[in-house]
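Peer 1: Pasting in a structure now, in structure tokens, and then I'll have a few things to ask.
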Amino acid sequence: MKFLLITLIAEKDPHRPARERLREVVDNAVLAEELGFDGFGVGERHERPFFSSSPPVVLSHIAAVTSRIRLFTAVTTLSLLDPVRAFEDYSTLDNLSDGRLELIIGKGNGAAQAQLFHVTADDQWDRNREGYELFRRLWREPRVTWEGRFRPSLTDAETWPRPLQQPIRVWHGSATSRESVDLAAKFGDPLFSANVTNPIEPYAELIRYYRERWAHYGHRPSDALVGAGSAGFYAAPTSQEAIETYRPIYDERIALFRKVGVEPVFPTLEDAIERSSILVGSPQQIVDKVLRYHESFGHEVMHEHADAGGLTGKQHRATLELFQSEIAPVLRRSVPSRPFPALLSAPVLALVPASDPAPVPASDPAPVPASDPAPVPASLPASGEIS
């Protein structure tokens, strides 16, 4: 199994400068790489209280201060974006990160952001599907002729820069409906289940539907790839310590739900631990719960929240260290997962006199495959953002 940390960059304090919150995200990504997590994801939201309106910018900064960790979008809301502009942003990021980019796409959610971009409930799925179909072609083809409903047509259009990964793996975020699930299966792409708001059953049903549609479209069943999220995480040496520390954080979350008129699905922490995907307890309890969910999902990748979320900085680091030392090794052994794509590092250029016509590579670049070795995504997000 592989493990991601994901953030939507929410900010509860309206007086805190955005600069501080964004720098905190970058620091958490550096910590994730230091501790051995496989990926770090940034969501996309275009409304209060989120500072995640520009994931490619944030991930480009993270790419500059890390070297190994995979960089995820969670999700890229193609229903809101011009696919050409999205391609340009993410192709640039793919090059800057040496091919570490992993896209998770989805329609997104939130009434405010839909209003901002003039997207409606009637057309959001069509926009998401059309946007992905064009984005996918732009990534794979140097010239594209295309016509659709929601943006101007293209005639023999070139897009630059060309991406480093060819092609890139694209996950489809799924929360409540079958549209994203069917789109993923149709194109032979992996699925990432939000697995956050509700009990396990509706998410397990969508994953079963994904596998059914995968076979319907003629793909080999063993090639299907699934990831799943979690609703929160805190591990401590004993369950008593974990619950005592996390209870005020959870109670504050419940109070916030009720303040905005939302009745929580899991009104108590004990209920959430029993029926939701929240991971709070001792290392062994968390291992047992993840393996129990794996029986229903068959997932190879799991996400946790990247933010401290009410924990002190010391508590946050300590629980992530405990995860990597006592939980992750057991799950990695118990649940085999396919590897991520190899890092496509660019060749190092030798310094030459200014009068020389062109720099000469100091060494041959690593070979870049012309296409994926198989339709199997290389390996394997996140909160209610995935849809």
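Peer 1: Of everything in segment 133-150, what is under 26 Å from the mean Cα position of the chain (by Cα) and under 18 Å from T77 (Cα atoms)? Give them in sequence order. Explain how you work it out, then say what you get.
Peer 2: Step one: filter segment 133-150 for residues under 26 Å from the mean Cα position of the chain (by Cα), giving 133-141, 150.
E133, L134, F135, R136, R137, L138, W139, F150, listed by residue number.
Peer 1: Right, here's the next one. Of Y250, Y234, which residue is closer than 21 Å to K12 by Cα, modelled with pLDDT of 95 or more and outside any helix (DSSP H, G or I)? Outline the logic, then answer.
Peer 2: On the way: Y250 fails: outside any helix (DSSP H, G or I).
Every option except Y234 fails the conditions.
Peer 1: Would you be able to say whether some residue in segment 33-42 is touching a strand residue (DSSP E or B) at 6+ places or on another chain (Cβ under 9 Å), part of a helix (DSSP H, G or I), surrounded by fewer than 22 Cβ atoms within 10 Å (Cβ to Cβ) and not hydrophobic (A, V, I, L, M, F, W, C)?
Peer 2: yes
Peer 1: Another question, if that's okay. Residue check, A272 against (1) touching a strand residue (DSSP E or B) at 6+ places or on another chain (Cβ under 9 Å); (2) aliphatic (A, V, I, L, M); (3) more than 21 Å from E205 (Cα to Cα), all met but one. Which one?
Peer 2: With respect to (1) touching a strand residue (DSSP E or B) at 6+ places or on another chain (Cβ under 9 Å); (2) aliphatic (A, V, I, L, M); (3) more than 21 Å from E205 (Cα to Cα), A272 is out only on (3).
Peer 1: Sort through A224, A272 and tell me the only one that's over 22 Å from V170 (Cβ atoms) and either at pLDDT 95 or above or surrounded by fewer than 17 Cβ atoms within 10 Å (Cβ to Cβ) (or both).
Peer 2: Values: A224 fails: over 22 Å from V170 (Cβ atoms).
Of A224, A272, the one residue that is over 22 Å from V170 (Cβ atoms) and either at pLDDT 95 or above or surrounded by fewer than 17 Cβ atoms within 10 Å (Cβ to Cβ) (or both) is A272.
Peer 1: Condition test on R162, is it out of contact with any Cys (no Cβ under 6 Å at 6 or more places or on another chain), within 25 Å of L5 (Cα to Cα) and either at pLDDT 95 or above or not hydrophobic (A, V, I, L, M, F, W, C) (or both)?
Peer 2: Values: out of contact with any Cys (no Cβ under 6 Å at 6 or more places or on another chain): yes; within 25 Å of L5 (Cα to Cα): no; either at pLDDT 95 or above or not hydrophobic (A, V, I, L, M, F, W, C) (or both): yes.
The answer is no for R162.
Peer 1: Still on this model: Restricting attention to segment 229-252, and to residues there that are within 24 Å of Y203 (Cβ to Cβ) and among the small types (G, A, S), which single residue is surrounded by the most Cβ atoms within 10 Å (Cβ to Cβ)?
Peer 2: G229
Peer 1: Can you name the residue in segment 183-197 that is at pLDDT 95 or above and either in a loop (DSSP other than H, G, I, E, B) or out of contact with any strand residue (DSSP E or B) (no Cβ under 9 Å at 6 or more places or on another chain) (or both) and is also nearest to H303 (Cα to Cα) among such residues?
Peer 2: Taking segment 183-197 as the starting set, the residues that turn out to be at pLDDT 95 or above are 183-193.
With the extra rule that they be either in a loop (DSSP other than H, G, I, E, B) or out of contact with any strand residue (DSSP E or B) (no Cβ under 9 Å at 6 or more places or on another chain) (or both), the set shrinks to 186, 188-190.
On the way: K186: 24, G188: 22, D189: 18, P190: 15 Å.
Once the filter is applied, the top-ranked residue is P190.
Peer 1: Additional query: Got a number for residues in segment 115-124 being surrounded by fewer than 17 Cβ atoms within 10 Å (Cβ to Cβ) and assigned to a helix (DSSP H, G or I)?
Peer 2: To start, the set of residues in segment 115-124 that are surrounded by fewer than 17 Cβ atoms within 10 Å (Cβ to Cβ) comprises 115-118, 120-123.
Within this subset, residues satisfying the condition of being assigned to a helix (DSSP H, G or I) are 115-116.
Final tally of qualifying residues: 2.
Peer 1: Would segment 168-187 turn up any residue that is of a type outside the set (F, W, Y) and either farther than 19 Å from I104 by Cβ or in contact with a Cys (Cβ under 9 Å, 6 or more places away or on another chain) (or both)? First the steps, then the outcome.
Peer 2: Keep residues of segment 168-187 that are of a type outside the set (F, W, Y), which gives 168-170, 172-186.
The next check asks that each one be either farther than 19 Å from I104 by Cβ or in contact with a Cys (Cβ under 9 Å, 6 or more places away or on another chain) (or both); those that pass are none.
So far as segment 168-187 goes, no, none of its residues is of a type outside the set (F, W, Y) and either farther than 19 Å from I104 by Cβ or in contact with a Cys (Cβ under 9 Å, 6 or more places away or on another chain) (or both).
Peer 1: Could you look through segment 77-114, keep only residues that are of a type in the set (K, R) and buried (at least 18 other Cβ atoms within 10 Å of the Cβ), and pick out the one that is modelled with the highest pLDDT?
Peer 2: Quick first cut of segment 77-114, residues of a type in the set (K, R) only: 85, 100, 107.
Restricting the remaining residues to those that are buried (at least 18 other Cβ atoms within 10 Å of the Cβ) gives 100, 107.
On the way: R100: 98, K107: 89.
Checked segment 77-114; the qualifying residue modelled with the highest pLDDT is R100.
The values are calculated or read from the model by the stated rules, or taken from the named source; none is laboratory data. Since the model is a prediction, treat every value here as computed from it, not as a measurement. Cβ: placed from backbone, ideal geometry, glycine included. Neighbour counts: every protein chain shown.
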